[in-house]
Amino acid sequence: DTEVTQTPKHLVMGMTNKKSLKCEQHMGHRAMYWYKQKAKKPPELMFVYSYEKLSINESVPSRFSPECPNSSLLNLHLHALQPEDSALYLCASSQDSPVTGYEQYFGPGTRLTVT
Amino acid sequence: QKEVEQDPGPLSVPEGAIVSLNCTYSNSAFQYFMWYRQYSRKGPELLMYTYSSGNKEDGRFTAQVDKSSKYISLFIRDSQPSDSATYLCAMSEGLTAGNNRKLIWGLGTSLAVNP
């Protein structure tokens, strides 16, 4: 089973709202990722958690706040977003091991629209 | 020059054709190579994951890596209309765990298989 689930599928929020995106995997993977993808562009890495610790932050604005409550769950808290933040937000996970591999499996994404 | 170059297409082929998709790269440190398929408004789906040079086959899909030429390919045999999607190549250096977590992406090739 290589399933990563994300909720909600769609989200519309105003610039003053606070909302959260959720991601879950039950593959025993130890790394989880948040990506942002704009139309006709490849995914753009935002954050990586490895063994529940923040490993990579690609200089993402503070209006995006990640959280990893446990090894299966990943949240992305959103506050005071801008219209240009409208995009497909993707979660991914990987084994994160030189023995078992680093290939990333993606969820279906949350389509976010900021009005 | 981008680190990874991929012709965006669009590529249009008749059903049953053999499709060849390619990426070139400039960083000789890349060791892990991936191909993802992405349907419109969905998350990327991992098709092939290869390490270093050589070929890997999975059903109708064959991935080739030629590190000496810094060139990777994905071949799709007996293409079907359901193969119509964007195909993204991605790669990572593999020298450290941190480098493995950061994928360098091509722009994606849009493929249409016509019945």
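If residue B:72 meets every condition in (1) closer than 30 Å to residue A:58 by Cβ; (2) more than 14 Å from chain A (Cβ to nearest Cβ); (3) open to solvent by 20 Å² or more (accessible area, probe 1.4 Å) apart from one, which number is that one?
(3)
I'd like to check something: does the stretch B:46-58 contain any residue that is exposed (fewer than 14 other Cβ atoms within 10 Å of the Cβ) and closer than 18 Å to residue B:107 by Cβ?
No; the residues of the stretch B:46-58 include none that is exposed (fewer than 14 other Cβ atoms within 10 Å of the Cβ) and closer than 18 Å to residue B:107 by Cβ.
Does residue A:100 satisfy being modelled with pLDDT under 95 and either buried (at least 21 other Cβ atoms within 10 Å of the Cβ) or more than 9 Å from every other protein chain (Cβ to nearest Cβ) (or both)?
So residue A:100 fits the description; yes.
From the list A:74, A:112, pick out the single residue that is away from every other protein chain (no Cβ under 13 Å) and of a type in the set (A, V, I, L, M).
One residue alone meets the criteria, A:74.
Residue-wise test of (1) out of contact with any Lys or Arg (no Cβ under 7 Å at 6 or more places or on another chain); (2) over 26 Å from residue B:109 (Cα atoms).
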site: A:37; (1), (2): yes, no
site: A:44; (1), (2): no, no
site: A:56; (1), (2): no, yes
site: A:64; (1), (2): yes, yes
site: A:75; (1), (2): no, yes
site: A:80; (1), (2): no, yes
site: A:88; (1), (2): no, no
site: A:93; (1), (2): yes, no
site: A:104; (1), (2): yes, no
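If residue B:85 satisfies every condition in (1) over 21 Å from residue A:40 (Cβ atoms); (2) modelled with pLDDT of 95 or more; (3) of a type in the set (Gly, Ala, Ser) but one, which is the exception?
So residue B:85 meets the others, but not (1).
The values are calculated or read from the model by the stated rules, or taken from the named source; none is laboratory data. Just so we're clear, the structure is a prediction, and the values are computed from it rather than from any experiment. Reconstructed Cβ throughout: ideal geometry from the backbone, glycine too, with neighbour counts over all protein chains shown. Just the protein is used for accessible areas: all its heavy atoms, side chains included, with ligands, DNA and RNA removed. Shrake-Rupley method; radii C 1.70, N 1.55, O 1.52, S 1.80 Å.
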